[in-house]
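Chemist: Mind looking over this structure? Questions follow.
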Amino acid sequence: MAEAASLDRLRNAAALACASGDADLAWVGAAIGRVLLDHAAGEPTTLDQVLGLTWGSRLGYRDRRIGQVHAEHFADLALSGAADEILRLARRLGGPKAPRPDQIALADPRRPIAEALAAGLGFPKKRQLINILRVQSDACKLHAPNCTKPV
């Protein structure tokens, strides 16, 4: 019942936004309307997708690269120790003179870190990094018990 009321409120807000005469409000209202229509048709999309925002996919990309360097180079360390090593590499790669990812050898542990930095989202602090490593490690094990690389 609460979900239906929330969807009705959202539908009404989208309609008001579309009818407001303000181009930005109409844009957001139309996007919300599209998400609601897709949801009703059983084809769920996210507001990010409809608005053309890519931060969610860039965030996933960054986190998978971080998980990759952990799995390939620091899997034998505790998550805290692995996070320290990954942060050390990231600090060395930061700055205007940092090499592009394609300038670093594929087997070099700096490569996935450079790719993570290139996502343009900033690099996580240690606590968030430990959570990312935990999630990436759990996702790896979920898909294949003997997995060594994040999915």
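The values are calculated or read from the model by the stated rules, or taken from the named source; none is laboratory data. Please read all numbers here as calculations on a predicted model, not as lab measurements. So basically every Cβ, Gly included, is an ideal-geometry build from the backbone, and we count neighbours across all protein chains shown.
Chemist: With (1) surrounded by 12 or more Cβ atoms within 10 Å (Cβ to Cβ); (2) within 24 Å of the chain's Cα centre (by Cα); (3) more than 29 Å from I130 (Cβ to Cβ) as the list, and E43 as the residue in question, which single condition is left unmet?
Modeler: All conditions are met except number (1).
Chemist: For the condition in the same structural domain as I130 (by TED's automatic domain parsing) and among the charged types (D, E, K, R), what is the one hit in R62, R34?
Modeler: Going through R62, R34 in turn, just one is in the same structural domain as I130 (by TED's automatic domain parsing) and among the charged types (D, E, K, R): R62.
Chemist: Of all residues in region 75-95, count the ones that are in contact (Cβ under 8 Å) with a residue 24 or more places away in the chain and in a loop (DSSP other than H, G, I, E, B).
Modeler: Qualifying residue count, region 75-95: 2.
Chemist: Condition (residue is in contact with a Leu (Cβ under 8 Å, 6 or more places away or on another chain) and among the charged types (D, E, K, R)) applied to region 95-116: is it met by at least one residue?
Modeler: Yes: one or more hits.
Chemist: Give A71, A98, A105 a once-over and let me know the one that is modelled with pLDDT of 90 or more, assigned to a loop (DSSP other than H, G, I, E, B) and in contact with a helix residue (DSSP H, G or I) (Cβ under 9 Å, 6 or more places away or on another chain).
Modeler: A105
Chemist: A further question follows. Out of all the residues in region 51-64, is one or more in contact (Cβ under 8 Å) with a residue 12 or more places away in the chain, under 28 Å from R127 (Cα atoms), within 24 Å of the chain's Cα centre (by Cα) and not in a helix (DSSP H, G or I)? Steps first, please.
Modeler: Step one: list which residues in region 51-64 are in contact (Cβ under 8 Å) with a residue 12 or more places away in the chain, which gives 51, 55, 58-59, 61-64.
After this cut, where a residue has to be under 28 Å from R127 (Cα atoms) as well, the list is 55, 58-59, 61-64.
Adding the requirement that they be within 24 Å of the chain's Cα centre (by Cα) leaves 55, 58-59, 61-64.
Keeping just the survivors that are not in a helix (DSSP H, G or I) gives none.
Scanning region 51-64, I find no residue that is in contact (Cβ under 8 Å) with a residue 12 or more places away in the chain, under 28 Å from R127 (Cα atoms), within 24 Å of the chain's Cα centre (by Cα) and not in a helix (DSSP H, G or I), so the answer is no.
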